[in-house]
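Just so it is clear, none of the values below were taken in a lab; they were calculated from the coordinates. All values reported here derive from a predicted model rather than from experimental measurement. Glycine also receives a Cβ, built like all others from the backbone with ideal geometry; neighbour counts cover every protein chain displayed.
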Amino acid sequence: IDYYISENESALTFFAKAFGFDIEFVKEDLRTRAETIGELEPTNIGSLVNKKNKLKTYENIEYGIVEYFYDLSRRHPEKINKKVVPYNGGSDYVEKLIIYYTGIYSNVDKSIALSIGAAESGYYKVKYMLNRNNVYGGMSSKGLIHYENIEIGVLKYVRLLSKNYFGKGLTTVNSIGRIYCPVTNGAGNKIASPHWINLVNTARRKYDNYNNEITIEDIINY
């Protein structure tokens, strides 16, 4: 486990900060989990198990790291630093985060993810949304959802696309829009908002040729 911790130090440190955990607590928890399970799976650094108590496997180790932190958040909410840091940086960092996360959740189309976020947040420049670290327009009963930092806010967005849209076969702008931004047409049928579709497709002309290769080192060193 110490080898895996060392090899993935950058990603662990990045996600520990995003989720609000002290990195030393994270490392000790990882060691304890590995000792308890007694075996390691290369993509599952957190030794997460399924209902049959078998180690889970993930499509890449960073996917496993993210799922570990979600699990750690459920197990140890008292250890989370919930300090809110409103984002006041540029749009390019947000774009790099989306590209990085779509590399982890590889079922999500990078260009579509960038374009929906751009359509919702004025190309990642609307201060009202950035102050809440919310780039995708996610709402609760209390209004626009607040996230503690931009890293976790963007992660929530891409993970939502992966699980609730692309993971359910909604892989085009039109099919996503019927759920994401629906309107009712003259025949009483629910369709994607034509205005929203136009905004997203306009943004795609910018993002279709964006760099696909963003690593954790690119994010940390930005």
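When the alpha carbon coordinates of region 76-173 are projected onto the principal axes, the ranges are 35, 33, 27 Å, largest first.
Full extension of the chain between residue 168 and residue 40 gives 43.1 nm of extra length, using 0.36 nm per residue less the Cα-Cα distance.
Annotation: aspartates and glutamates with alpha-carbon distance below 20 angstrom to residue 54 (same-chain offsets under eight excluded): 29, 35, 39, 41, 62, 67, 71.
Report note on the peptides 134-140, 187-193, 204-210: ranked by the mean count of other C-beta atoms within 10 Å, highest first, their order is 134-140, 204-210, 187-193. When peptides 12-19, 121-128 are sorted by average Cβ neighbour count within 10 Å, with the highest value leading, the order is 12-19, 121-128. Listed by chain and number, the aspartates and glutamates placed with their C-alpha closer than 16 angstrom to that of residue 110 are 92, 95, 120, 208, 213; residues fewer than eight positions away on the same chain are left out.
Peptides 100-109, 212-221 ranked from most to least packed by the mean count of surrounding Cβ atoms within 10 Å: 100-109, 212-221. Roughly how many Å is it from the Cα centre of region 7-44 to that of region 105-121, as a whole number? First find each Cα centre; the distance between them is then 28 Å.
From the helices alone, meaning DSSP H stretches of at least four residues, give me the mean residue ellipticity at 222 nm for the chain, per-run term -39500 (n - 2.57), in deg cm²/dmol to the nearest 500.
About -15500 deg cm²/dmol.
Charge dipole of the chain (Cα centre as origin; +1 on each Lys and Arg Cβ, -1 on each Asp and Glu Cβ, all else neutral): 1260 debye, rounded to the nearest 20.
Roughly speaking, what % of Cα-Cα pairs in region 64-106 are separated by over 16 Å, rounded to a whole number? When every Cα pair of region 64-106 is considered, 59 percent fall beyond 16 Å. For region 174-179, putting each phi into the Karplus relation 6.51 cos²θ - 1.76 cosθ + 1.60 with θ = phi - 60° gives couplings of 5, 5, 5, x, 4, 9 Hz, in residue order, rounded to whole numbers and with x for Gly and Pro. Taken over the chain, the alpha-carbon convex hull comes to 143 cubic angstrom per residue. Shown is the FRET efficiency for residue 146 and residue 31, computed with R0 = 41 Å from the Cβ-Cβ distance and rounded to the nearest 0.05: 0.75.
Under 26 Å of direct C-alpha separation, and excluding same-chain neighbours fewer than eight residues apart, residue 52 reaches these lysines: 27, 163, 168.
Let me know the shape class of region 26-119, please: from the alpha-carbon gyration tensor, a ≥ b ≥ c as square roots of the eigenvalues, rounded when a/c is under 1.5, otherwise prolate if a/b is greater than b/c, or oblate.
Values: a/c = 2.92, a/b = 1.60, b/c = 1.83.
Here region 26-119 falls in the oblate category.
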